[in-house]
Amino acid sequence: MPELPEVEAARRALQAICVGRRIRRCSVARDSVVISGVSPLRLESALSGRSILEARRKGKNLWLRLDEPPFPSFQFGMAGAIYIKGVPVTNYKRSAVQPTDEWPSKYSKLFVELDDGIEFSFTDKRRFARIRLLDDPESMPPISELGPDALFEPIQLNNFIDSLSQKKTGIKALLLDQCFISGIGNWIADEVLYQARIHPLQTAANLSKESCKLLHQSINEVIKHAVEVDADSSRFPSDWLFHVRWGKKPGDVNGEKIEFITAGGRTTAYVPELQKLMGTELNRNSTLKPKRAIRDRTKSDNSAAETKKNKSKDIRKGENLANVAKKQDKRKTKIVQNGDFNGDLINDPSKKRGAVERITRQRKRPTK
């Protein structure tokens, strides 16, 4: 988040409002994490005085083609966003900066003023975004490493089915792989799998042709609709999983319960009643075992181990008691033989004989 629809909304806004205008001045944050591979001063000097000819995008990456290279590129990360002063771009889910906030935002990483007074900025609150200065963005990483764009370069159905048949990874992880298809992120992957009724952990190669067709259709429809409404989630269809998938909170969609698992390294919302694992996947995916069952098994194992431990402790305790009793008997016998019993010298033979008999009876008593 943001994903292809959010980045495309930003590109369209820049294309409509900023193309054909000259950059009067710009200001770059002194942030060596977000400003990648170039100094703030170098970025400022490279942009100042240049004219914007085009706003381009591939996957979740956007760049501005200027009247001469190098060109600034923007990788949006988890919370990157383009804002144009006085112009609503898109208010996507969990947007870090609100239109009513100070201008430019304290989270602004690149602020630009154009020759006609228009201002825009690229913000990033969480600092996962990257701003780079590239001579030819399309031929350089990370853009050159991306797979076909899910909107501009949709994969043909037959090629899509053939490609999935060769992938031994889980389908959710595959959809998140930007080298396979670029632009699909966590919420889109959850949405298209829900609409295609495919379990997120299902191995891609094990999908039926019918499932592949449904998935191909869902990808095209979800992305097309999200782009048409400029990624305004309030205009998404009311029956989309999108509206109820956030925060790992218990809920349901269209009357069916939502559950959360980890797939492709990401928190994943799915509907178990509709998205079922098929074939051998049922046996291979132990992560689907109910958490309560795992806790009960662990509790049982711990209980058995504790019982064994306590039994060993009781045996050792009994052995120790027997050894103590033996030592006490030896001590008493020695005392009687020396004529000193309970601290008193025993000179009377009859008393000495009685003491020996008592000790003998005590020794014959079973140890408890």
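Each reported figure results from applying straightforward, stated rules to the coordinates on display, with no laboratory input. The shown structure was predicted, so the numbers you read here are calculated from the model rather than taken from an experiment. Using ideal geometry, Cβ is built from the backbone for each residue, glycine included, and neighbour counts are taken over all protein chains shown.
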Given the pairs LYS60/LYS257; LYS60/LYS85; LYS168/LYS276; LYS125/LYS276; LYS125/LYS249, which are separated by over 26 angstrom at their Cα positions?
LYS60/LYS257; LYS125/LYS276
Gain in length, ASP136 to GLU273, computed as 0.36 nm per residue apart minus the alpha-carbon separation, to one decimal in nm?
44.5 nm
Starting from 0.36 nm per residue, how many nanometres of slack lie between CYS179 and ASP115 once their C-alpha separation is accounted for?
19.2 nm
Long-range amide H partners of GLY185 with built H, under 5 Å
LEU4
So ASN159 and ARG25, fully extended at 0.36 nm per residue minus their Cα-Cα distance, gain in nm 43.6 nm
As an exercise, use a Förster radius of 35 Å and the Cβ-Cβ distance of LYS168 and ARG235 to find the FRET efficiency, rounded to the nearest 0.05.
0.40
Output the peptides 197-203, 67-73 sorted from most to least packed, where packing is the average of other Cβ atoms within 10 Å over each peptide's residues.
197-203, 67-73
Inter-label distance for SER32 and GLU210, nm, one decimal - labels placed 7 Å from Cα along Cα-to-Cβ
5.8
